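Please read the structure below before turning to the comments.
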Amino acid sequence: MSLKLYYDLMSQPSRAVLIFLRMNKIPFTDQAVALRRGQHLEDDYAKVNPFKQVPAIDDNGFTLTESSAILKYLADSYLGENSHHWYPKDAKKRAKADEYLDWHHLNTRMNCSVYFQHRSIRPALKKAPVDLKKLENYKSGVLKVAAAIDSYFLQDRKFMLGSEVSIADLQAVCELEQVLTVGLDPFRDHQRLADWAKRVRDITQPHYEGATTTVYGVAQRLLQKLKDDKLDSGLGA
């Protein structure tokens, strides 16, 4: 197989690309990159991704970084007509997918990532108490993102672009799932959003669950360690 995927299951964007590949039965070679071991910082990996992040792909010598760019490329290069809903050919629908994906990185991704890190990874590594003030600020950011997705990007549609799932839906749900692993429910005030997330999960099973099992396990171990070391603030999220 000429297509190689470099990823780590702790990475939300990595999970989105992995789920997409498996969901669409696109053959690829598994190239796991263990972030916890610093494998992404090694010189050999820098030849694939000079930014030393995951995910990345190598498609017969063509390398590409950034998950949204990867998903768009894979959709255009590997999917048949019956799967164009992932990244539509229709100019208006494609523009709406791009609109969310452009917004995603500095909103959904940034807020969910920093909340997860400050609720689990950073205090565990630093052996320091959870910073409640910072955590509350990041929580506010996550909840604002959830409200924006619900009120603008989703509205009363089944999925963001209409009746079928897209790469925009997949990217968003993978990010929102990350904060669920440490106890923050971004869907609690938005039943419509919760129903949408369930549809995305259901339609991508069993690949979605297979890709998220690792992060749930790691998150629970980190939270337990904080509790055992009396570094947990006592908050549920």
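What follows draws every value from the coordinates through simple rules; no lab data is involved. Since we're looking at a predicted model, the values are computed, not measured. Don't worry about glycine lacking a Cβ; one is built from the backbone with ideal geometry, like all the others, and counts go over all protein chains shown.
Using alpha-carbon pairs under 8 Å, 6+ residues apart, how would you state the relative contact order of the range 108-237 in percent? Provide the component values of the computation, followed by the final result.
On the way: 119 pairs, mean separation 45.4, N = 130.
Dividing the mean separation by the residue count of the range 108-237 yields 35 percent.
Note down the nm distance, to one decimal, between modelled labels 7 Å out along Cα→Cβ at ASP131 and at ASN82.
Between ASP131 and ASN82, the simple spin-label model gives 5.1 nm.
What 222 nm value per residue comes from the helices of the chain, counting each DSSP H run with n ≥ 4 as -39,500 (n - 2.57) and dividing by all residues, nearest 500 deg cm²/dmol?
Numbers: 10 runs with 120 residues, N = 237.
Dividing the helical sum by the residues of the chain leaves -15500 deg cm²/dmol.
For the chain, what are the DSSP H helices with axial Cα length of 15 Å or more and mean Kyte-Doolittle hydropathy of at least -0.5?
Values: long enough: 12-23 (16 Å, 0.66); 67-78 (16 Å, 0.28); 91-104 (19 Å, -1.64); 132-148 (24 Å, 0.01); 167-180 (20 Å, 0.92); 191-203 (18 Å, -0.98); 207-228 (33 Å, -0.53).
Once both thresholds are applied, what remains is 12-23, 67-78, 132-148, 167-180.
Could you work out how much longer the chain between TYR73 and ASP98 gets when fully extended? Use 0.36 nm per residue separation minus the Cα distance between them, nm to one decimal.
Numbers: separation 25, 0.36 × 25 = 9.00 nm, distance 1.29 nm.
Full extension from TYR73 to ASP98 adds 7.7 nm.
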